[in-house]
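The block underneath contains the structure these notes are about, expressed in structure tokens.
The values are calculated or read from the model by the stated rules, or taken from the named source; none is laboratory data. All figures in this text were calculated on a predicted structure; none of them were measured in a lab. Cβ placement follows ideal geometry from the backbone for every residue including glycine, while neighbour counts extend to all protein chains displayed. Heads up: the accessible areas ignore ligands, DNA and RNA and are worked out on the full protein's heavy atoms, side chains in. Shrake-Rupley method; radii C 1.70, N 1.55, O 1.52, S 1.80 Å.
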Amino acid sequence: MNPQEDVEVSCPWCSESVILVIECIEPEQEYTEDCPVCCAPIFVRVDIPSLGLPRVEVEREGG
């Protein structure tokens with residue numbers, strides 16, 4: 001597995017496709033990142049299995 005993986009997701013605010021760069025250091029991560037298109041905050045949840053690519057879920061931060 002690479003130390004970083006690019007993952008394509010849809011912004012939960014504007015529905016545009018965006019690329020998130022996932023640091024594959026911690027197996028479970030949660031953080032907020034602003035959408036590069038609409039600048040709205042996106043809550044990102046990452047799960048990295050021991051032998052696989054990151055699974056990424058995104059949702060609207062604050063509702």
So, over other residues within a Cβ distance under 9 Å of A40, counting Lys, Arg +1 and Asp, Glu -1, the net charge is -1
With x for Gly and Pro, the residue-by-residue ³J(HN,Hα) of region 13-18, computed from phi through the Karplus equation 6.51 cos²θ - 1.76 cosθ + 1.60 at θ = phi - 60° and given in whole Hz, is 9, 9, 6, 6, 7, 10
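Please work out the average accessible area per residue across the chain, using the 1.4 Å probe convention, and give it in Å². Working shown, then result.
Details: 4200 Å² over 63 residues.
Heavy-atom SASA per residue in the chain reads 67 Å².
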Across the alpha-carbon set of region 6-63, Rg over Rh with Rh taken as the Kirkwood radius works out to 0.97
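Within the accessible area of the chain, what % is carbon and sulfur when the probe is 1.4 Å and the other protein chains stay in place?
Values: 2000 of 4200 Å².
Result for the chain: 48 percent of the exposed heavy-atom area is carbon or sulfur.
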So, with points 7 Å from each Cα along the Cβ direction, the C39-E16 label distance in nm works out to 1.2
